Amino acid sequence: MLNRVILIGRLTKQPELRITPSSVSVTSFTLAVDRKPNQAGQKETDFIDVVVFGKLAEITCKYMDKGRLVAVEGRLQTRTFETKDGQKRKAWEVVADSIEFLSPRPRTKDETLNDVSQPEFQEDEEYDPEKETFKE
């Protein structure tokens with residue numbers, strides 16, 4: 001069976017890094033993904049929850065900003081939970097295993113147009129400077 005999801009959209013807020021009790025890095029964010037315009041010409045947007053674990057979660061928090069265009073590849077996962085008032089709910093989310101930055105990294109006030117410095121990364125991270133892609 002196959003469970004693969006590929007999405008392109010913009011982050012709706014700045015991702016925040018959390019650490020689980022078992023010391024695993026995790027972040028989650030919502031991706032705004034535009035649909036094709038309907039017959040009336042109106043665009044609709046889906047807001048899809050994405051969760052990222054491990055080193056990729058740390059990289060995501062370090063280099064992603066609200067509004068940045070990204071491609072996310074992963075698998076669809078469902079969770080069930082119970083609300084405070086006892087109702088059972090389901091949540092669908094994409095568990096990402098690859099993220100590609102599609103828009104340029106925003107410049108800081110100190111960077112000039114001639115300064116094309118690349119983001120810092122650890123030696124054990126795979127980094128493609130042409131695509132600004134990180135994979136776990």
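The values are calculated or read from the model by the stated rules, or taken from the named source; none is laboratory data. Worth saying up front: this structure is predicted, and the values here are computed from it rather than measured. Note that we place each Cβ from the backbone using ideal geometry, even for glycine, and neighbour counts take in every protein chain shown. All accessible areas refer to the heavy atoms of the entire protein, side chains included, with ligands and DNA or RNA removed. Shrake-Rupley method; radii C 1.70, N 1.55, O 1.52, S 1.80 Å.
Does at least one position in region 105-122 carry a residue that is open to solvent by 90 Å² or more (accessible area, probe 1.4 Å), modelled with pLDDT under 60, among the acidic types (D, E) and under 18 Å from the mean Cα position of the chain (by Cα)? Looking for residues that are open to solvent by 90 Å² or more (accessible area, probe 1.4 Å), modelled with pLDDT under 60, among the acidic types (D, E) and under 18 Å from the mean Cα position of the chain (by Cα), one finds none in region 105-122, hence no. Cβ-Cβ distances below 9 Å connect the following pairs, each with a first residue in region 20-49 that is free of Cβ contacts under 8 Å to residues at least 40 places away in the same chain and in a strand (DSSP E or B), a second residue that is of a type in the set (S, T, N, Q) and surrounded by fewer than 10 Cβ atoms within 10 Å (Cβ to Cβ), and a separation of six or more residues or different chains: V26/T20.
There is no residue in region 54-76 that is at pLDDT 90 or above, among the hydroxyl-bearing types (S, T, Y) and assigned to a loop (DSSP other than H, G, I, E, B).
Take region 1-18 and flag every residue that is under 14 Å from V51 (Cα atoms) and open to solvent by 70 Å² or more (accessible area, probe 1.4 Å). Result: I6, K13, Q14, E16, L17, R18.
Tell me which residues, restricted to region 40-66, are open to solvent by less than 30 Å² (accessible area, probe 1.4 Å) and not polar (S, T, N, Q). Once the filter is applied, which keeps residues that are open to solvent by less than 30 Å² (accessible area, probe 1.4 Å) and not polar (S, T, N, Q), region 40-66 yields V50, V51, V52, G54, L56, A57, I59, C61, Y63, M64.
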